[in-house]
Amino acid sequence: MKKRFTFYSIPFAALCLIIVTGCSESVNHTQPILYNHKKHLEDAGLNCFDCHTRALTHEKASIPNIGICKGCHEQPMTESKEEKKLVDSIRKNQPIPWIQVHRVPDHAYFSHRRHVSIGKVACLTCHGNVPEMTLPFSKPYLPITMAFCIDCHAKNHVDTDCATCHR
């Protein structure tokens, strides 16, 4: 009996570790291009919605790709190897394989339009001080949890009824 328990407990523990690590929001992802938000927001004078064009009008904000980037980067503007990767993707018409790190669970409904356009929630509320970021997101700024959302709704006197987010 004891041998059988030991035999099964080690693979079970390994499987649990893989699942927890793979699903954890603390996992750091390496993005394909070391995108610098600070350079684009501060130096180039862009704002979040110049690149995340859908955030004001759609449920999903979308991760900008070569269709947006080529407006400024069809030709290199610098000697940066990261910009070279971008320009090469644009020339080859190959989308950048960004890794999405901000993800709302499937069982919850979230609309960027509703929060940003209607609720006037600033991007930095959920995404942090993006204007100072010199590297792309490798993990979420904050864990997207029910407790976080309910706390924000309560502080801002927004409905916390279950049906507001769970449809």
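The values are calculated or read from the model by the stated rules, or taken from the named source; none is laboratory data. Worth saying up front: this structure is predicted, and the values here are computed from it rather than measured. All Cβ positions, glycine included, derive from the backbone under ideal geometry; neighbour counts span all protein chains shown.
Key figures
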| item | result |
| --- | --- |
| Unmet criterion (only one of (1) charged (D, E, K, R); (2) modelled with pLDDT under 95; (3) over 23 Å from MET133 (Cβ atoms); (4) out of contact with any helix residue (DSSP H, G or I) (no Cβ under 8 Å at 6 or more places or on another chain)) for ARG91 | (2) |
| Selected residue [assigned to a loop (DSSP other than H, G, I, E, B) and at pLDDT below 95] from VAL20, VAL27 | VAL27 |
| All positions within region 106-119 that are loosely packed, with under 12 Cβ neighbours inside 10 Å and in a loop (DSSP other than H, G, I, E, B) | ASP106, HIS107 |
| Candidate set: region 140-159, residues that are in contact (Cβ under 8 Å) with a residue 24 or more places away in the chain and more than 30 Å from GLU42 (Cα to Cα); chosen: the one surrounded by the fewest Cβ atoms within 10 Å (Cβ to Cβ) | MET146 |
| Those residues of region 62-82 which are more than 21 Å from the chain's Cα centre (by Cα) and assigned to a loop (DSSP other than H, G, I, E, B), in sequence order | GLU74, GLN75, PRO76, MET77, THR78, GLU79, SER80 |
| Residues satisfying the stated conditions in region 146-163, i.e. under 12 Å from GLY119 (Cβ atoms) and touching a His at 6+ places or on another chain (Cβ under 8 Å) | ASP159 |
| Matching residues in region 35-50 - criterion: being outside any helix (DSSP H, G or I) and either crowded, with 16+ Cβ neighbours inside 10 Å or touching a residue at least 24 places away in the same chain (Cβ under 8 Å) (or both) | TYR35, ASN36, ALA44 |
| Selection status of CYS152, more than 21 Å from ASP50 (Cβ to Cβ) and of a type in the set (A, V, I, L, M, F, W, C) | yes |
| Residue under evaluation THR53, criteria (1) exposed (fewer than 15 other Cβ atoms within 10 Å of the Cβ); (2) at pLDDT below 95, criterion not met | (1) |
| Top-ranked residue of region 120-139 - restricted to ones that are surrounded by fewer than 16 Cβ atoms within 10 Å (Cβ to Cβ) and assigned to a loop (DSSP other than H, G, I, E, B), ranked as farthest from the chain's Cα centre (by Cα) | LYS120 |
